[in-house]
Ligand SMILES: *Cc1c(COP(=O)(O)O)cnc(C)c1O
């Protein structure tokens, strides 16, 4: 075997970076050793284009069993009637849903990226904004909250073929029932993209989209704490699931359209090593211990949010219902970009983020986003969270002072020194 010390040295370097720092990127998490082992298994050698029992390659008996288990566990976890576990990522999952139910040139209505939405919800720099005509809803300037009457007004004006409910930087619960009323009123298809809060939704800490939305997509690696990838699901078979446009829709037809859109529509061979790892992650999430984990994620987030507010930070919408929060730094006289880079110097990782009605560019931004899924996996509890906020505050107030940043870095490394990287 050819030794590749260069790459393995770098992998070890990255493992060390993850171990010694405080990880506050809201979309990241730490998977179990089992998930990691499945990702690095011999399943990566196997071609399996098609679906269980309907493959275009021989020798798929074993991966058929694995993929079938992954599908069954995903359905059980979310109470879905149908699941497709093949999307390589959340973006691929969304691309496939659009491909299944829209024609090029059709109209999308999504959550504005600069208000907390995602690139794939119609952004002009993304395929979703190039292939489809997009319009957006956002949050109210004063409250930082979605206003469903406004969304209905926009939907009536834009007459979208599809509405997307879901976001990457919105800290509040989403009312999918209201979204469905809006979609029905304008005859639109309704997609829920629960990529961020799916772990909280699976454990019923937030509203459930499954009874209200025609299709639900998610990533599997954020709050769900599984392998990096995507998932598409369909809930109950409605009498008239497509409002005006698809009068004859039913679960069988819809699931066939999604299957065809993923393969051969958007992807080639599925990543069976990742599908095995997804199955393991779903199994872990079905366990009661995952309920306790999610409860701690949510409690840690609300503690963090309250600590920031008590230190004079401006939290968008003034609170959080989920695992994340968005902070508007304009009253602290620092940009998101500068805050992010000062924090990295102290081994605290987070990402700069646009805030609603931001006057700065996406490269600078006025905000920063924090989330608790990863640090909760590392075992941080509410008393630690208070220390974490104190450290962040110190960094932000002294972002030009290298010696203070070094001091905080030592405290960070000390705090993380006896925290295992893997979840139990
Ligand atoms: C993260 C995210 C995605 C995309 O996931 P990738 O796996 O990075 O492609 C899609 N939608 C939302 C709302 C997300 O937060």
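The values are calculated or read from the model by the stated rules, or taken from the named source; none is laboratory data. A quick note: this is a predicted structure, and the numbers were derived from the prediction, not measured. Here the Cβ is made from the backbone with ideal geometry for all residues, glycine too, and neighbour counts use every protein chain on show.
Conditions tested, residue by residue: (1) away from the ligand (no atom under 15 Å from the Cβ); (2) under 25 Å from residue 234 (Cβ atoms); (3) in contact with a helix residue (DSSP H, G or I) (Cβ under 9 Å, 6 or more places away or on another chain); (4) assigned to a loop (DSSP other than H, G, I, E, B).
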site: 86; (1), (2), (3), (4): no, yes, yes, yes
site: 91; (1), (2), (3), (4): no, yes, yes, no
site: 117; (1), (2), (3), (4): no, yes, no, yes
site: 136; (1), (2), (3), (4): no, no, yes, no
I'm checking my understanding of the structure. Among residues of the range 27-42 that are within 16 Å of the ligand (Cβ to nearest atom) and closer than 22 Å to residue 414 by Cα, which one is surrounded by the most Cβ atoms within 10 Å (Cβ to Cβ)? 29
Failed item in (1) within 13 Å of the ligand (Cβ to nearest atom); (2) part of a strand (DSSP E or B), with residue 167 passing the rest: (2)
Let me confirm something: among 100, 48, 95, which residue is closer than 19 Å to residue 258 by Cβ, assigned to a loop (DSSP other than H, G, I, E, B) and in contact with a helix residue (DSSP H, G or I) (Cβ under 9 Å, 6 or more places away or on another chain)? 48
Looking for something within 20 Å of the chain's Cα centre (by Cα), surrounded by fewer than 18 Cβ atoms within 10 Å (Cβ to Cβ) and within 15 Å of the ligand (Cβ to nearest atom) - is there at least one such residue anywhere in the range 142-151? no
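Output the residues belonging to the range 103-115 that are outside any helix (DSSP H, G or I), out of contact with any strand residue (DSSP E or B) (no Cβ under 6 Å at 6 or more places or on another chain) and within 12 Å of the ligand (Cβ to nearest atom). Give the derivation first.
Narrowing the range 103-115 to residues outside any helix (DSSP H, G or I): 103-112.
Now restrict to residues that are out of contact with any strand residue (DSSP E or B) (no Cβ under 6 Å at 6 or more places or on another chain): 103-106, 111.
111 - this is the single residue of the range 103-115 that is outside any helix (DSSP H, G or I), out of contact with any strand residue (DSSP E or B) (no Cβ under 6 Å at 6 or more places or on another chain) and within 12 Å of the ligand (Cβ to nearest atom).
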Residue list for the range 201-218, restricted to those being modelled with pLDDT of 95 or more, in contact with a helix residue (DSSP H, G or I) (Cβ under 7 Å, 6 or more places away or on another chain) and surrounded by fewer than 24 Cβ atoms within 10 Å (Cβ to Cβ): 203, 205, 206, 207, 208
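From 356, 362, grab the single residue that is farther than 25 Å from residue 298 by Cα and either surrounded by fewer than 16 Cβ atoms within 10 Å (Cβ to Cβ) or touching a residue at least 12 places away in the same chain (Cβ under 8 Å) (or both).
On the way: 356 fails: farther than 25 Å from residue 298 by Cα.
From the options 356, 362, the qualifying one is 362.
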Scan the range 393-403 residue by residue and report those that are in a loop (DSSP other than H, G, I, E, B) and surrounded by fewer than 16 Cβ atoms within 10 Å (Cβ to Cβ). 400, 401
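A quick yes/no check of all residues on (1) in a helix (DSSP H, G or I); (2) surrounded by fewer than 19 Cβ atoms within 10 Å (Cβ to Cβ):
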{"position": "370", "(1), (2)": "no, no"}
{"position": "376", "(1), (2)": "yes, no"}
{"position": "380", "(1), (2)": "no, no"}
{"position": "388", "(1), (2)": "yes, no"}
{"position": "391", "(1), (2)": "yes, no"}
{"position": "405", "(1), (2)": "yes, no"}
{"position": "411", "(1), (2)": "yes, yes"}
{"position": "419", "(1), (2)": "no, yes"}
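Restricting attention to the range 50-67, which residues are surrounded by 16 or more Cβ atoms within 10 Å (Cβ to Cβ) and farther than 14 Å from residue 255 by Cβ?
Quick first cut of the range 50-67, residues surrounded by 16 or more Cβ atoms within 10 Å (Cβ to Cβ) only: 50-52, 55, 60, 63-64, 66-67.
Result: 50, 55, 60, 63, 64, 66, 67.
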Given the conditions (1) free of Cβ contacts under 8 Å to residues at least 40 places away in the same chain; (2) part of a helix (DSSP H, G or I); (3) more than 19 Å from the chain's Cα centre (by Cα); (4) under 21 Å from residue 176 (Cβ atoms), which single one is not true for residue 157? (4)
Those residues of the range 301-325 that are within 21 Å of residue 208 (Cα to Cα) and part of a helix (DSSP H, G or I) come to a total of 2
Given the conditions (1) more than 20 Å from the chain's Cα centre (by Cα); (2) under 23 Å from residue 258 (Cα atoms); (3) in contact (Cβ under 8 Å) with a residue 24 or more places away in the chain, and given that residue 65 satisfies all but one, which numbered condition is not satisfied? (3)
